[in-house]
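The structure appears below as C-alpha cells.
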Number of protein chains: 2
Amino acid sequence: MTWCRQLVGRTNAPRRCFSIAKNNGTHKERVVILGSGWAGYGFARTLDPAKYERIIISPRSYFVFTPLLASTSVGTLEFRTILEPVRRIPGKIGFYQGWADDIDFERKIISVETNAAEEAASKTVIPAPSPSSSSETGGPGKAPKGDLIEIPYDKLVIACGAYSQTFGIEGVREYAHFLRDIGDARRIRLRVLSLFEQCAYPRGSDHLSDDDKRQLLHFAIVGGGPTGIEFAAELHDLIRDDLAPIYPELAPLVSITVYDVAPKVLPMFDRALAKYAMDTFSRQNIKVKTEHHLERLRLADGELGRRRGVLKIKIKEYGDEEVGAGLVVWSTGLMPNPLIAKLAAKRLPLPGANPLSTSPPTTRHLLRDARTGGILTDAYLRARTTTSTSEPGSAPEPDGVLEDVYVIGDCAVMENDRTLPKTAQVASQQATYLAKALNRAAAAGGGGGAEDKPFRFRNWGTLTYLGSWKAIHQSQADELKGWVAWVVWRGAYLTKSMSWRNKLLVPIYWVVSWIFGRGISRF
Amino acid sequence: MTWCRQLVGRTNAPRRCFSIAKNNGTHKERVVILGSGWAGYGFARTLDPAKYERIIISPRSYFVFTPLLASTSVGTLEFRTILEPVRRIPGKIGFYQGWADDIDFERKIISVETNAAEEAASKTVIPAPSPSSSSETGGPGKAPKGDLIEIPYDKLVIACGAYSQTFGIEGVREYAHFLRDIGDARRIRLRVLSLFEQCAYPRGSDHLSDDDKRQLLHFAIVGGGPTGIEFAAELHDLIRDDLAPIYPELAPLVSITVYDVAPKVLPMFDRALAKYAMDTFSRQNIKVKTEHHLERLRLADGELGRRRGVLKIKIKEYGDEEVGAGLVVWSTGLMPNPLIAKLAAKRLPLPGANPLSTSPPTTRHLLRDARTGGILTDAYLRARTTTSTSEPGSAPEPDGVLEDVYVIGDCAVMENDRTLPKTAQVASQQATYLAKALNRAAAAGGGGGAEDKPFRFRNWGTLTYLGSWKAIHQSQADELKGWVAWVVWRGAYLTKSMSWRNKLLVPIYWVVSWIFGRGISRF
C-alpha cells in the first residue's frame, strides 16, 4: 500500500521519518531508558537524537502529566489532554512496550517482557506482598507472561519510578483506587458518576435507604499530601458545580473525608498555609481527620458490598465501628519498584578481575539506600556500587560506579542529598541535567560519563490546589495563597513539559468546563 | 453539606434546578421516553418541560452523535465531543438508567431493569440467538439481573431503536466489533493502535513472521453501507497520516478490505457517485469485495488466535481458504429490538370491553411490520393495534391505535410509507414532529393525540466520507463530490443536535488533529 505523505504541515509525527536517517550502520551510542514518567520521558525529550540512538522501554506508551491527573479524574479536563505519546517525541525514537524483567550488566542486555495488549498497564497495579521471583517485576500477577525480547544498550538510564505504598494494609491492593496513571483517573471518574446514578433511582425491589446512600456517597481519601488534598478539592468542585444541580436530592447525603496518620496534612507547607488550606476545606465541608490509622479495607456485607461495591474502612481510633464509603482513594506515598531489589541482588562484573585468580572471592553489587530502598547514585546520577569480600551487609560503603548505568527519578537516591523528595520536580530536573551532560559528552567526543558540574536541585516551590479556584504556593522566596496562587498554579502547568497540542487543549477545556460544566457522560 | 451555587454563568446544568419547580403536585402529564438515541433524545429535547414532565429510560446516560462515531474510533475527535449527557438536556428532566423489561399498557406502568454500574451498556451487545424469555430485553446475558423498578406514565414514546443484524452467522456476536456506541469506538481505537504496537517488537521468543503481521494488520469491514465505508476511509486516513510515519516498517504489511454481499456498495448513491467512491478507494488501496458472503468468524489457531486475537474469516467464494484479520468491524444493518416482540405478543386491553361479557373471546395486539419486525404506526406515529377473535395471524388488519403510546425511530414502521430508511434523519424528524405535536396539543388544552398534519419525511440527502478530505453527497436536488462535499459534510454536522460545548470542541479537534496529528495514546 502506498502510504504517501500529505503535504500538510504537521509539527510532530512526520518529522522523524524523513529528516533523520535510520541508525543502522551509524556509530551512535544506543541509550536505553527504562520508564516513561517525569524522569524517563524528560530525559528522552532532552537527549539529542543526532548524537544518540534513543530507545524507551515502558509499560505505558505515553507520559502522564501527573499534576493534572486529579483534574481529569473529575472531568475538568479530558484524559488525553494530559498524555504525551512516547512515539511523538520529536526526532527518531525507539519504543518497546513492556516491563524490564532483568538486566545483564555484563553483556549490557535488557530482557523485556512485552505487553502491547489493549489497555495494558494504564491501571496502577500493586505487586502482591510476597511476589514469586519470576514475576515480581512483571505486570498484573495473573496475566499470562508476555513474550520476552532482549534489547542491548550502550548506556542505560533506569527511571522506572516507584509503586504506591500500601504498608501491607489488608484490602488496600484489592479495593482502593490509586491516582497515578490515566486508567486510574478514568476508573475513579466512572465510579463517582456511577455512584450518583445508582442512588438516583426511585424505590425498587432492592431499595437503598438514605443510610445506604450516605455510605455510597461517602468519598474517602487516605493520605493528606498534595495528591490527596487536590483530589478532594477537585471532587468537591465537581459535586458542587455539576452533580448537585442534577441530583439535588442527593447533595445532602454526600461527604468527603481525608484521613492521615500525621498530626497535620500538607507537611511541606508552613503552618499558616496549611491552616489556610484547612480553613478552606472546612468552609467546603470537606472533613480532615488527622492522626487516624486505617487498619483494614473490605467489601461491605451483602448486596451493598457485592453489587454496589461499598467498602468498609476499619480505623484504629474508632475501634470496631467501621466507616462505609463508595470510593477510597489511596495516596500515602511510594515504595520501591520490585525491579530495584532484583537488580541490587545481582553480582556485578568486577572491573579488571582475572577469572583465573585464586584470591578470596570478591563480590560487587549495586548499592541501595537503607531507608527508602532506592538505588544510590553519585552527584552525577551514576549508579553506585560496593565491593566486598562478604555478602552485602547493612551499611556497605560505596566504592565505585557502574559504568554507563544512570539512575534518575523516584528510584534514585543521591548519596550527597538523600532527603530529596520523590517529586516530579526532582525527577524532571535530574532528567534534564543528565541528558544535557550526555549531549555535551558526545559533542566533546568522549564516550564516558558526565564529568562536569554535579547535579543540584533547585526548589521551585510547591503548589496545591484547594478547590473553588484557590491554591496555596510555597517556595523559599515567597508564599502565595488564594486567587493569586490559583492563577500561578494554572499558568505554571501550561509551560512545563507539554506538547503544543496539549498546551492548546488544556486551556480550551478549562474555559469549556467553566462555561458549560465538566464532562459527565459515563462510558 | 452546603453545595452553594457559584455565581458563574453556566448555560446548561444549573438552569434546571432553579428555574423550574418540582413537578410533584402539578397537573402536567408525564411523558416517558424509552431510548436516548436520535429518536428518544431528539424528542426529549423538543418536548416542552413547561407542558409535560419528561422522563427518559435508557441503558445509556448519553446521546451519541453517530455520524462522527467513526471519527472518534480513529482519534480524529475525542470520544466525549460526540456525546450529549441526557441529564444536561435543558429544563428539568428525569432519567433512569436501565432497560425497559416490560410494559403494562393497561396500568400504564413500565418495569425497568436498572443498571448504573460503571461502563454499563456503552458496548454494543447482540442478544443471544435464542434468548430466554426473562432476559431477552435485558443487558449482557450473563450479568446479574439488575434491580427492578416501576415507572408509571401518562404518555409513552417507544424509541428503543434496533440491534445490529448478524444474520446468525457463527462467531460474529463473539468476535466482531460493532460501531454503534461510544464503547465500541473506544475498543476499536484501542485494538487498532494495539495491533501496530504488537507488530513493532524486534525478534523475541514468540516472534511474529511477516505473514503473521499481515494478518494482524488486515482490517476487515463487513457491510458496504455508509457506516462501513466511512470507517474504512477514516481508518485509512489514520494509518496514512499518523501510524505509517511512526511505524514505517509496518506500512507495507497493512491492508483494508470492505466485504459486501451486494453487487455494489453504497446502494443509496447513484451509479456515478458510487463509482467515484470506488475510484477513490482504489487509489487509497482499500479493497472492496462485492458479492462476497461471509460464513463464519473464528479465532485463529494457536497463539495467534489465543494471545493476539487474530480472527479467521470464512468466505463462501473462497471455499476452505480462510482470510486472517486483526479486526473485523461489522455493519450490515439492523434487526428488531427483542422488546418489540415481547410487546407485540402482549394482549392489550379492549376498549370499552365488559369483563362480564359472554361474547366470544376477542384479543387485541400491537401490530408489527411483517418484513422488518418494527411496530406499525399510523401517520401520526401512534402505535397501531389489531383486534381479532383468533391469535394474531400473518397479515392482520390494523383497526385501531393504542391510546397514548407512540413509536418513533428505528423500531417504528409507518403504515403509509413502510420503506422509510432506518436512519438518523428519519428518527430525528419523527422526534421533532411528535414533540411539537404534543406541545401544541398541551397548549390547546387537549390531553389526547396530535390531530394535525400527518408526518412527512423530508429527504435532506445522504453524505458519506471517503477519506482524504473527500465525500459524496446525494439528494433529490443535487449531487456533490470531492472537496465541496467534504466542506458540506463537515459543516452540516456542526449545526445539528449538538450542544454548544461540542459545537466548539468538534472543530477545535478537527484543527488540532489536522495540525498535530490524531490522538494516538492508548489507555
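Summing both sides, the accessible surface hidden between B and A at a 1.4 Å probe radius is close to 8600 Å². Contact-buried residues of segment A:54-71, at a threshold of 20 Å² lost accessible area versus the chain by itself: A:Ser61, A:Tyr62 (1.4 Å probe; DNA, RNA and ligands ignored).
Inter-copy label distances at A:Arg296, using a point 7 Å along Cα-to-Cβ, come to 5.3 nm with the shortest given first.
Beyond 25 Å, the tail of the calculated P(r) for segment A:172-332 holds 29 percent of the Cα pairs. Remark: mean inter-chain Cβ contacts per residue of B:179-189 equal 1, using a 10 Å Cβ-Cβ cutoff to other protein chain atoms. For segment B:199-325, a simple Cβ point-charge model (Lys and Arg +1, Asp and Glu -1, everything else neutral) yields a dipole of about 160 debye relative to the Cα centre.
Considering only alpha-carbon pairs that sit under 8 angstrom and 6 or more positions apart, the relative contact order computed for segment B:172-332 is 32 percent. When the C-alpha to C-alpha distance is required to be over 18 Å, the pairs from B:Lys289/B:Lys316; A:Lys275/A:Lys314; A:Lys28/A:Lys155; B:Lys51/B:Lys422; A:Lys289/A:Lys316; A:Lys51/A:Lys92 that qualify are A:Lys275/A:Lys314; B:Lys51/B:Lys422.
Here B:Thr362 and B:Trp460 are evaluated by their C-beta separation; at R0 = 45 Å the FRET efficiency comes out at 0.55. Inter-chain neighbour count for A:105-117: the average number of beta-carbon atoms from partner chains within 10 Å of each residue's beta-carbon is 3.
Label positions at B:Met268 and A:Ser255, each projected 7 Å from the Cα along the C-beta direction, are separated by 5.5 nm. Taken about its Cα centre, segment A:158-232 carries a charge dipole of roughly 200 debye when the Cβ of each Lys and Arg holds +1 and the Cβ of each Asp and Glu holds -1. Accessible surface area normalised per residue over segment B:172-332 is 36 Å², counting heavy atoms of protein chains with a 1.4 Å rolling probe. Counting Cβ atoms of other protein chains within 10 Å of each Cβ in A:421-432 and taking the mean gives 0.
The values are calculated or read from the model by the stated rules, or taken from the named source; none is laboratory data. In this text, all values refer to a predicted model and were calculated from it rather than measured experimentally. A quick note on method: Cβ atoms are made from the backbone with ideal geometry, for glycine too, and the neighbour counts reach across all protein chains shown. Remember, those area values only see protein heavy atoms, side chains included, never the ligands or the DNA or RNA. Shrake-Rupley method; radii C 1.70, N 1.55, O 1.52, S 1.80 Å.
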